[in-house]
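Report on the following structure.
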Amino acid sequence: MLTRISGGRIIDPTTGRDEIGDLWIEDQRIVAAPGRAADLDCDASGMIVLAGAIDIHSHIAGANVNTARLLLPELHDGAMFAGAPPGEWIGRLFAAMGYTTVVEPAISPHAALQAQRELAAIPFIDKAILAVLGNDDFTLRLIRAGETSALADYAARTLGASGGLGIKTINPGGAVAFRENARSFSLDDEVPRWGLSSRAIMRALQGAVAALGVPHPLHLHSNNLGLPGNVETALATIAAAEGERLHLAHLQFYSYGAEGPRKFSSAAARLAEAVNAAPNISVDVGQVMFGQTVTISSDVLRQFGARAQASPRKFAITEAEGNGGGIVPYRYRRKNFFNAVQWAAGLELFLLIHDPWRVFFTTDHPNGAPFTAYPDLFALLMDRDLRARWIAGLPEDAMAMTTLPSLTREYDWREIAIMTRAAPARLLGLRDRGHLAPGARADIAVYRPQADRAAMFRNAEMVFKDGKLILRRGEVVRRHFGQALRVAPGFDRAIESRLEAYYDNVFGVPLQAFDVPEAAIARKDQPAFESVPCRA
Amino acid sequence: MTAEAWIAGREATRGAAIAAIARRLVASANPLVAGLATDIAGAEAAHDLAQRLGAVLDHRHSPAALADLAVMRESGWLVTTPMEARAMADCVVLVGTTPPDLPHSPPPFAPERARRVFRLAGEDMMLRLGLLRAMLAGRRIAADADLTTIAQALRAARYAVICWSAADISPLAIEMLCRLIEDLNDTTRCFGLPTPAPGNAAGVAQALAWKSGFPFRLGYARGRAEHDPWRFDAARMIAAHETDGVLWIGDEAPSVPAGMFLAVLAPEGSDTGNAEIVISTATPGRDADAILFDPMIGALRFQRAAVPQNTLSPPAAILEAIAALCDQTVATC
């Protein structure tokens, strides 16, 4: 089957292509112009043709996300779903925006099976999980004993068993401190009874990920999320990476100073400067947008503390081996000083971090906002006049605590394509995604430019997945299921017998109880997993 | 070899029984898919069938599962997992007849601490829990020695776990426990550990939630998912003649009133009530690979069919076959 998308403006930052032209698809792949007629011609005259978008950090599956669904039945109304839509809608709404790959970034290896099964039920898109380490007892044992290579083996074994694409760590040591009755936990606080700091855990896991050649660097949810003055933690964390690759998740939530009459201010400008100066650091923003949502986090210490702000007033906190998690519904309000500062701080990061290859487009769905707010956020980044109108409707005293009103930068199409396509593919090691060169997987989004940019992004004119036209202007053309992406680095099997003994002694259950075999999630028509190569 | 399916008491082929069920369910004005004691694939398939039919979904053990859920979603809770409880708890309180699953040995994550295990039982549980909470709040009240000991132990514990079974105590008692646990977390650590309801109810609730946003007592009569613990109660609907066609999955099928259609998909030897059509199924996890909620790990677990006792189809495959016919039937109408 040969398909031609003809006459559109093709923007592909990976190859430097930006021109009016044709894009050819044969079966699942993009091909060079083949010199014969297409079986299917799709007219894209006047439209923008990009690779399918890749979301590196959205909470779309797993026990915590599902608990959020169960916690908020009264908010499942139409397609709103309070930030935790069912899988069917996740796939459809993401694909309608031109997204073809989404990463669920926080899965406890002990609950990986459920997450993978949930992801398998999401149509249209490819998906992946990041496996969480750093608060589990076994990791801490290995780090304390200085067993560097065993830690790498353990991380590799965990990635293989859970089907993960990378390793994440969440307030490393913080969940252990929480169960020992700590109420706060920072970068150099000692994990009770371990003699290890959060910094030491982070460094050890960074080393393990690098040693395994996993393309995605350690994905870090830092300490002190959401607290006034926490920019100091973020700056110290960037310095603590000592030049080694590190991804800082939802940086907006760490960009707060404690200035001004309400002891809360945006320190995003300072933080952006530090990111600009540290080429080893990548970040995603975790933008706040206004409205009802639900916060879903494995940072159990933070979520325990957030209960007081719950709206509606309820919560589900699970303390667990490893990380646990907390679900706290929340409504961001335009008239709320703090929420307005948060909104501005996120945009400041987008606009003040210069390199679109290192800043990623997220709302930390649904923590800053549901992913359904993406279209409005794209519009804000591309249009300073639109920003000015939003700013005019927000509390003046809040805007005074940020630099946002003075920022005039507007993202252009090329920068959008880098930030949401080319850069995430590179960050995750997805060599055949995020670009449009021959050989690339034919995941393609075609947008029709219009005055209302948000409307343009909400429903792409055409979306192709694996070479097939799946949606047109938000309507399903063809049902399709993607795959789960994972890495499978090799490791010394000696770690398995150690782990088996450990699981038997400590938990009284077999290690294999948590594995995700292909058979558990496979669909009839295709393999469940696609393996992404690690560096040799 | 015995038959795989029966229609009106006579042996039938599996295909004929599937076709007959599809016909009857499509002809039902208000179909009900209930029982739901099945694995994750079965729950997903049951959901998809109900969505196509505009049917209601309920689970045999939903009262207990929804009692726990009601407390969480009305005010919130702090819970732990069975593995963390085993590894960390230095004080365990078993409420009612909850079985004692945790060893008395010191918790491996805090081996210098002893583990104390208590049972809180007896008449008038609500009153006793109220007294316990009042004692923990520092009120000076008279209570029996058992209760006083438990209150002291909870206050002194570094990581206490309170276990209950919703089938065993009232919803109000669960609420009282959850608030008591929250109070204790002002100064120390204490978490709840609800015992999951049987029949893979916890797993089925999870699967329905990721498919629809809701747990059981879910209805598609209006074309979209709706959840109503009263309206979509299978036992109530059957008793009130609010359904005319019931597809029951798993053991303990009810007998339905005259004129109401009942089909049962269940392992051999199950109680099939007064079913008009019965299809014998594999037992998920025993005769066929399955994903089930494992109470020991507090999570879904893949269970390979070790020694299959038969070659019957699992419920999911039968449900998918019924759904495929429902589509055709609808399309040709």
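Remarks
- Single residue of A:Ser149, A:Ser108 found to be surrounded by fewer than 24 Cβ atoms within 10 Å (Cβ to Cβ), within 25 Å of A:Thr169 (Cβ to Cβ) and not hydrophobic (A, V, I, L, M, F, W, C): A:Ser149
- Subset of the stretch A:174-213 that is part of a loop (DSSP other than H, G, I, E, B) and touching a Pro at 6+ places or on another chain (Cβ under 9 Å) - its residue that is nearest to A:Ala519 (Cα to Cα): A:Gly213
- Taking the stretch B:43-92 as the range and being acidic (Asp, Glu), assigned to a loop (DSSP other than H, G, I, E, B) and within 13 Å of another protein chain (Cβ to nearest Cβ) as the test, only B:Asp90 passes.
- Restricting the stretch A:244-271 to residues that are over 16 Å from the mean Cα position of the chain (by Cα) and polar (S, T, N, Q), the residue that is surrounded by the fewest Cβ atoms within 10 Å (Cβ to Cβ): A:Ser265
- Count of the stretch A:289-313 residues which are touching an Asp or Glu at 6+ places or on another chain (Cβ under 7 Å) and surrounded by fewer than 24 Cβ atoms within 10 Å (Cβ to Cβ): 1
- Within the stretch A:476-511, considering residues that are within 10 Å of chain B (Cβ to nearest Cβ) and touching a residue at least 40 places away in the same chain (Cβ under 8 Å), the one nearest to B:Pro111 (Cα to Cα): A:Val506
- Count of residues meeting criterion [out of contact with any helix residue (DSSP H, G or I) (no Cβ under 7 Å at 6 or more places or on another chain), at the interface with chain B (Cβ under 10 Å from one of its Cβ atoms) and of a type outside the set (A, V, I, L, M, F, W, C)] in the stretch A:35-75: 2
- Test: residue in the stretch B:171-188 that is hydroxyl-bearing (Ser, Thr, Tyr), within 13 Å of chain A (Cβ to nearest Cβ) and not in a strand (DSSP E or B): yes
- Scanning the stretch B:214-248 for residues that are part of a loop (DSSP other than H, G, I, E, B) and touching a helix residue (DSSP H, G or I) at 6+ places or on another chain (Cβ under 7 Å) returns B:Phe214, B:Pro215, B:Phe216, B:Arg217, B:Tyr220, B:Ala225, B:Pro229, B:Thr243.
- Only one of A:Val446, A:Val487, A:Val463, A:Val516 that is crowded, with 22+ Cβ neighbours inside 10 Å, at pLDDT 95 or above, under 14 Å from A:Ile125 (Cα atoms) and under 25 Å from the mean Cα position of the chain (by Cα): A:Val463
- Residue, nearest to the other protein chains (Cβ to nearest Cβ), within the stretch B:189-211, restricted to residues that are polar (S, T, N, Q) and in contact with a strand residue (DSSP E or B) (Cβ under 6 Å, 6 or more places away or on another chain): B:Asn200
- Selection status of B:Val95, facing another protein chain (nearest Cβ under 10 Å), crowded, with 22+ Cβ neighbours inside 10 Å and among the hydrophobic types (A, V, I, L, M, F, W, C): no
- Residues satisfying the stated conditions in the stretch B:198-224, i.e. without any contact (Cβ under 8 Å) to a residue 24 or more places away in the chain and closer than 12 Å to B:Ala50 by Cβ: B:Phe214
- Taking each residue of the stretch A:39-66 that is closer than 18 Å to A:Leu23 by Cβ and looking for partners that are of a type in the set (Asp, Glu) with beta-carbon atoms closer than 6 Å, six or more apart or interchain, yields A:Met47/A:Glu461; A:Gly52/A:Asp443.
- Annotation note: of B:Ala234, B:Ala167, B:Ala207, B:Ala202, the sole residue that is under 16 Å from the mean Cα position of the chain (by Cα) and at pLDDT below 95 is B:Ala167.
- Residue identified as farther than 23 Å from A:Asp397 by Cα, within 14 Å of chain B (Cβ to nearest Cβ) and out of contact with any Lys or Arg (no Cβ under 8 Å at 6 or more places or on another chain) among A:Ile296, A:Ile317: A:Ile296
- Filter result for B:Arg155 (more than 30 Å from A:Thr139 (Cβ to Cβ), over 30 Å from the mean Cα position of the chain (by Cα) and within 14 Å of chain A (Cβ to nearest Cβ)): yes
- Elements of type helices (runs of 4 or more DSSP H) in the stretch A:80-149, at least 2 residues being more than 14 Å from chain B (Cβ to nearest Cβ) and more than 30 Å from A:Gly207 (Cα to Cα): A:87-96
- Residues of the stretch A:302-314 classified as free of Cβ contacts under 8 Å to residues at least 60 places away in the same chain and facing another protein chain (nearest Cβ under 9 Å), total: 3
Residues are listed down the side, and each one gets a yes or a no for (1) of a type in the set (Asp, Glu); (2) within 19 Å of the chain's Cα centre (by Cα):
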| residue | (1), (2) |
| --- | --- |
| A:Met1 | no, no |
| A:Ser6 | no, no |
| A:Ile10 | no, no |
| A:Asp18 | yes, no |
| A:Leu50 | no, no |
| A:His57 | no, yes |
| A:Ile60 | no, yes |
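- The stretch B:1-29 residues that are among the polar types (S, T, N, Q), paired with ones that are part of a strand (DSSP E or B) (beta carbon under 7 Å, 6 or more apart): B:Thr13/B:Ala5; B:Ser28/B:Gly245; B:Ser28/B:Phe261
The values are calculated or read from the model by the stated rules, or taken from the named source; none is laboratory data. Computed from a predicted structure; not experimentally measured. So basically every Cβ, Gly included, is an ideal-geometry build from the backbone, and we count neighbours across all protein chains shown.
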